[in-house]
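One structure below.
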Amino acid sequence: MARLAISELTTLRWSFEEDVERLAAAGIAAIGVWRHKLGDFGEEKGAELIAEAGLAVSSLQWAGGFTGSDGRSHDDSLHDARTAIHTAELLSAGSLIIHSGARGSHTFNHARRLFRQALDKLLPLAEERGVVLAIEPMHADCGGDFTFVNCLNETLDLVAGYHSASLKIALDTYHWGHEPSLIGRLAELAPHLAVVQLGDGREPPRGETNRCPLGEGTVPLAAIVAALSAAGYDGDYEVELMGEEIEAADYGEIINCSRRRFTEWLEAGSGASL
């Protein structure tokens, strides 16, 4: 049953406790947890607070950097990812978002090799713990600092090649919604999606991420949601908005607007749980 979630990156100014309390009060069913906020609050306490509020966890954001682009060694990134898998298990998170790391000075082949080596080591633990690893491909023009995975075809081939229910894709509509071919490909992608991140922008991604409230940009979100529903996707839709416009906005209005738009897009009888 499709469910609306709000990522803690959307409500950047709020604390973890504020996120949980205000999302629950707004009638939102799920929260996308940011590890930084959770760590500041305390993982055990955070898991208890979420459970007490009656919220589900759509995703845990994020683990990765296996190419060393963020200054950590490959082994350090693996250790952190293993910790994140255990945290995702604690939260009963729908998925753990995975970023490969930037290409940096590596050749593409070596960067791919490092990423595959990481997945080979992490996937057995994820399967054992019942955690889904969700690789997030990003548009090359604005996501290069996080990942060199900037091709949907390559991402789909990578995930399908592992034949594991614990390895899927996080699809961010801000990064891919402007691609003319996306809607026609959603039936193919739907079975491999762990979470759909709803993002909108007034222009295609380039440089700094600068998103806008859902429905006010140029991403065809209504058509994307309709195509995913028709393809049988019934997982979480997680609102992930950031940038100057969002940082200056009223978060309560952003949440209410997102809920209203999502309800409109699913339409009556869609089976959504808000």
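The values are calculated or read from the model by the stated rules, or taken from the named source; none is laboratory data. Keep in mind it's a predicted model, so treat the numbers as computed, not measured. Using ideal geometry, Cβ is built from the backbone for each residue, glycine included, and neighbour counts are taken over all protein chains shown. Remember, those area values only see protein heavy atoms, side chains included, never the ligands or the DNA or RNA. Shrake-Rupley method; radii C 1.70, N 1.55, O 1.52, S 1.80 Å.
Structure notes:
- Gyration tensor (alpha-carbon) shape descriptor, the chain, a/c threshold 1.5: rounded
- Along its principal axes, the stretch 1-145 has C-alpha extents of 49, 35, 31 angstrom, given from the largest down.
- Note on the stretch 149-229: percent of Cα-Cα distances in each 5 Å bin, starting at 0 and stopping at the bin with the largest distance, equals 3, 15, 26, 24, 17, 10, 4, 1.
- Across 248, 26, 102, mean-square fluctuation computed from a Gaussian network of the chain (C-alpha pairs under 10 Å connected) peaks at 248.
- Burial order of peptide ranges 125-138, 146-159 (average beta-carbon count within 10 Å, highest first): 125-138, 146-159
- Heavy atoms of the protein chains alone define the surface here; on that basis the stretch 52-110 has 40 Å² accessible area per residue at 1.4 Å probe size.
- For residue 197, nonlocal amide neighbours, meaning residues 5 or more places apart or on other chains whose placed amide H falls under 5 Å from its own, are 171, 172, 173, 238.
- Our summary gives the stretch 182-270 a relative contact order of 35 percent, counting only alpha carbon pairs under 8 angstrom and 6 or more residues apart.
- Applying both filters, DSSP loop and at most 15 other Cβ atoms within 10 Å, to the trypsin sites (Lys or Arg not before Pro) of the stretch 188-263 gives 202, 206.
- Mean separation of Cα pairs under 8 Å and 6 or more residues apart, divided by the residue count, gives the stretch 1-104 a relative contact order of 26 percent.
- Gained length - residue 76 relative to residue 110, 0.36 nm times residue gap less alpha-carbon distance: 10.4 nm
- Figure legend: label point modelled 7 angstrom from the Cα of residue 125 along Cα→Cβ; residues of the stretch 84-103 with amide N under 12 Å from it are 84-89.
- Taking 0.36 nm per residue of sequence separation and removing the Cα-Cα distance, the residue 231/residue 44 pair yields an extension gain of 63.6 nm.
- The simple spin-label model puts a point 7 Å past each Cα toward its Cβ; for residue 162 and residue 260 those points are separated by 4.0 nm.
- The peptide list 184-197, 67-80, put in order of mean Cβ contacts within 10 Å with the highest first, becomes 184-197, 67-80.
- Set of aspartates and glutamates near residue 45 by C-alpha distance (under 13 Å), chain-local residues within fewer than 8 positions excluded: 17
- Ordered from longest to shortest, the equivalent ellipsoid semi-axes for the stretch 71-180 are 21, 17, 13 Å, each the square root of 5 times a Cα gyration tensor eigenvalue.
- For the stretch 194-207, 3J(HN,Hα) per residue [Karplus equation, 6.51 cos²θ - 1.76 cosθ + 1.60, θ = phi - 60°, Hz, x = Gly/Pro]: 8, 7, 10, 8, 8, x, 10, x, 7, 9, x, x, 6, x
- Cut-off under 5 Å, modelled amide H: who pairs with residue 168 long-range: 133, 134, 135
- The stretch 142-201: relative contact order as a whole-number percent, Cα under 8 Å and 6+ apart: 38
- Solvent-accessible area of the stretch 122-209 (1.4 angstrom probe, protein heavy atoms only): carbon and sulfur portion equals 49 percent.
- The slack between residue 208 and residue 181, meaning 0.36 nm per residue of separation minus the straight C-alpha distance, is 7.3 nm.
- Theoretical ellipticity at 222 nm over the chain - DSSP helices of four or more residues, -39500 (n - 2.57) apiece, nearest 500: -13500 deg cm²/dmol
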